[in-house]
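Everything on this sheet refers to the single structure shown next.
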Amino acid sequence: MPVKVLVVDDSGFFRRRLVEIFEADPRLTVVGTANNGREAVDKVQSLSPDVVTMDYEMPILDGISAVTNIMKLKPTPVLMFSSLTHEGAKVTLDALEAGAVDFMPKNFEDISRDSAVVKRTLVERVLAVARTRLAGTRAPVRSLEPRVAPKPIVTDRGVIIPRARKRVSLVAIGTSTGGPMALQMVLSKLPKDFSAPLVVVQHMPAAFTGAFAERLNNICQITVKEAKDGDRLLPGVALLAPGGKQMMVNPRNGGCVRILEGDERLNYKPSVDVTFGSASKCYPGKVLSVIMTGMGVDGREGARMLKSSGSTVWVQSEASCVIYGMPMAVEKANLADDIIDLNHIGERIAREVS
């Protein structure tokens, strides 16, 4: 059966454009449209769409309030459309916090100047969002304990449970769809005296990463900042890769990051693979890496390089992911040392580094 879409926007032109694009693909069917947030909430309940596309600036009830009401009354995956500005970033992050799954630029030229690419990207994103697990519909969490417990050693002093522990010189985290809220949950659990530096890669547009870093910094005990070229790797400081650039770990000055334009052939800017790969060379065997919720396979090859150098690779559990794409790619490649539920990742990192 085709995925049922509800299109919500106060612009009649934009609604018609989206309906035209979605209806041209047999995998989608538009079951209704709405021109304000109140109408959207009502139609979610009456039409039961599989996914909602939502503008954030609308009369009567704005997009964020509409998302909040939808999540209370009838949780449904929501894809937000937003402007790629600093203010648009703040509003979009509010929408994600309210329960929206993902976002896309409302100006289609920010996606591509090729109309065929725009249409394909829109359709694929709507299909992906429709398949996501909302927080209230996910499977129960698992235990935080490792999958394979270490074997006990019997000595004349009794039974000792060994725990192999590697020195952690750097924590590296990569994520995409569902990542903003997942990172908020993880990083907010790290203590103020966290003794390792962190590098974080979240797939985001250039206009968004600065606002996102500010938000994380305001709610976390550690320091979070958008990375600048030459920033040093310092204990208790998380450097967020800037959107539209590549972040590489460099051993210079005791450890710093390089921010580069990167190769246009890479699908993601920033790319988890690029950051993880460089970290594997600078800190062989001393990186604790985590791949969290997101579409695609970015991070798999970087995780392979980290694993080859002797470092540790964790992935977020399927049950706690919004989209189990990136973690699944690492797990299927047999690169994961452990699979951990989202609500335990922060405390596990803190334990491993302490």
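The values are calculated or read from the model by the stated rules, or taken from the named source; none is laboratory data. In this text the structure is predicted, and so the values were computed from the model without any measurement. In this analysis, Cβ positions are derived from the backbone assuming ideal geometry, glycine residues included, and neighbour counts consider all displayed protein chains. Ligands, DNA and RNA are excluded from the accessible area calculation, which covers all protein heavy atoms including side chains. Shrake-Rupley method; radii C 1.70, N 1.55, O 1.52, S 1.80 Å.
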Those residues of segment 31-47 which are more than 21 Å from residue 82 (Cβ to Cβ) and part of a strand (DSSP E or B), in sequence order:
31, 32
Within the bounds of segment 58-74, is there any residue that is open to solvent by 30 Å² or more (accessible area, probe 1.4 Å) and part of a strand (DSSP E or B)?
no
Residue hits (segment 1-29; of a type in the set (A, V, I, L, M, F, W, C), out of contact with any Asp or Glu (no Cβ under 6 Å at 6 or more places or on another chain) and in a strand (DSSP E or B)) are 5, 6, 7, 8, 28
How many of the residues making up segment 315-335 are closer than 15 Å to residue 175 by Cβ, aliphatic (A, V, I, L, M) and part of a loop (DSSP other than H, G, I, E, B)?
2
Give segment 180-215 a look and list any residue that's closer than 19 Å to residue 84 by Cβ, open to solvent by less than 40 Å² (accessible area, probe 1.4 Å) and assigned to a helix (DSSP H, G or I), or say none.
180, 207, 208, 209, 210, 211, 212, 213
Residue satisfying all of: in segment 221-251; in contact with a Cys (Cβ under 7 Å, 6 or more places away or on another chain) and outside any loop (DSSP other than H, G, I, E, B); most open to solvent (accessible area, probe 1.4 Å) among these:
232
Given (1) open to solvent by less than 10 Å² (accessible area, probe 1.4 Å); (2) assigned to a helix (DSSP H, G or I); (3) under 30 Å from residue 81 (Cβ atoms), number of the condition residue 218 does not satisfy
(1)
Only one of 302, 294, 310 that is on the phi > 0 side of the Ramachandran plot and either open to solvent by 10 Å² or more (accessible area, probe 1.4 Å) or modelled with pLDDT of 95 or more (or both):
310
